[in-house]
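Working notes, beginning with the structure itself.
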Amino acid sequence: MLKWLLIGLVVFLIYRLAQKRPRYDRLFSPDHLMELSRGLGRAKQAALAGVGKGPPADPFAEGNAFVTSADIAVAYTVAKADEKDGHEHHVSLSYRGGAFARAAAGFLAAAILRLLDVQEKPCVLAVSNSGVYHLIFKIPAAEESRFAAKTVPALDEEAARALLGTAMDDRGALLARLGKLDVKLPKGGA
């Protein structure tokens with residue numbers, strides 16, 4: 001009897017472990033890319049509206065961040081480098097607020113670059129020590145107003161399928177030069 005209880009416990013623990021592992025089938029779907037394009041459009045506008053005001057207290061409430069149905073948290077911020085250099089754009093990607101797979105991050109970063117139409121701009125994709133991915137690119141001062149005025153396209157099924165293939169192809173180049181970030185988080189109460 002004890003033997004069957006132990007076997008049952010082991011099976012239950014394996015089942016729970018499997019349930020906690022990230023599932024990416026939804027992430028690589030046209031529906032998810034359509035959802036990403038809608039959220040990215042709102043986050044871009046909110047981030048551009050907040051330039052020079054400091055980081056938002058609650059990026060989700062202010063519109064800079066959103067969570068997709070695939071549990072991907074996306075946060076968009078813009079920092080002013082200086083008057084001549086323009087703005088530095090930063091898109092953070094995490095799975096439920098933590099780490100997720102390289103291939104998934106590369107795919108999403110490639111899709112975001114295409115959605116924002118900045119795939120030709122120099123950019124950096126880096127992973128922090130906490131497993132959060134950071135996509136960073138700069139918009140020169142001369143192009144800022146044109147970039148700000150350009151909306152993120154609302155994808156339909158056909159456009160999302162096309163982007164799916166393109167982002168899959170583009171992710172390899174981003175991942176080949178993946179960088180590392182050492183992010184120091186403040187300790188509680190310090």
Problem set entry | Read-out Rg/Rh (Cα atoms, Kirkwood Rh), derived from the coordinates shown; its label in (i) 1.08; (ii) 1.00; (iii) 1.06 | (iii)
Problem set entry | Neighbourhood net charge (11 Å Cβ-Cβ; Lys/Arg +1, Asp/Glu -1) for Leu178 | +4
Exercise. What is the local net charge at Gly106, summed over the other residues whose Cβ is closer than 10 Å to its Cβ (Lys, Arg +1; Asp, Glu -1)?
Worked result: +1
Seminar exercise, completed: Asserting the computed 222 nm helical MRE of the chain (DSSP H runs at least 4 long, -39500 (n - 2.57) per run, divided by residue count, to nearest 500) equals -14000 deg cm²/dmol
Exercise. When ligands, DNA and RNA are left out and all protein chains stay put, how many square angstrom of accessible area per residue does the range 56-117 have with a 1.4 Å probe?
Worked result: 41
For this session: Taking the Cβ of Val152 as the centre, find all other residues whose Cβ is under 9 Å away and add up their charges (Lys, Arg: +1; Asp, Glu: -1).
Result: +3
Exercise. Which helices, counted as full DSSP H runs in the chain, have an axial Cα extent of no less than 18 Å and a Kyte-Doolittle average of 0.0 or above?
Worked result: 2-20, 102-115, 157-176
Exercise. In the range 43-112, what trypsin sites (Lys or Arg not before Pro) fall in a loop by DSSP, with at most 13 other Cβ atoms inside 10 Å?
Worked result: Lys53, Lys84, Arg96
Exercise. So, with a 1.4 angstrom probe, what is the percent of accessible area on the chain that is carbon and sulfur?
Worked result: 59
For this session: Provide the percentage of antiparallel DSSP beta bridges, counting only those with both residues in the chain; round to the nearest 5.
Result: 90
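The values are calculated or read from the model by the stated rules, or taken from the named source; none is laboratory data. Just so it is clear, the structure is predicted and the values come from calculations on it, not from any experiment. Don't worry about glycine lacking a Cβ; one is built from the backbone with ideal geometry, like all the others, and counts go over all protein chains shown. Protein only, heavy atoms only, side chains kept; ligands, DNA and RNA dropped before computing areas. Shrake-Rupley method; radii C 1.70, N 1.55, O 1.52, S 1.80 Å.
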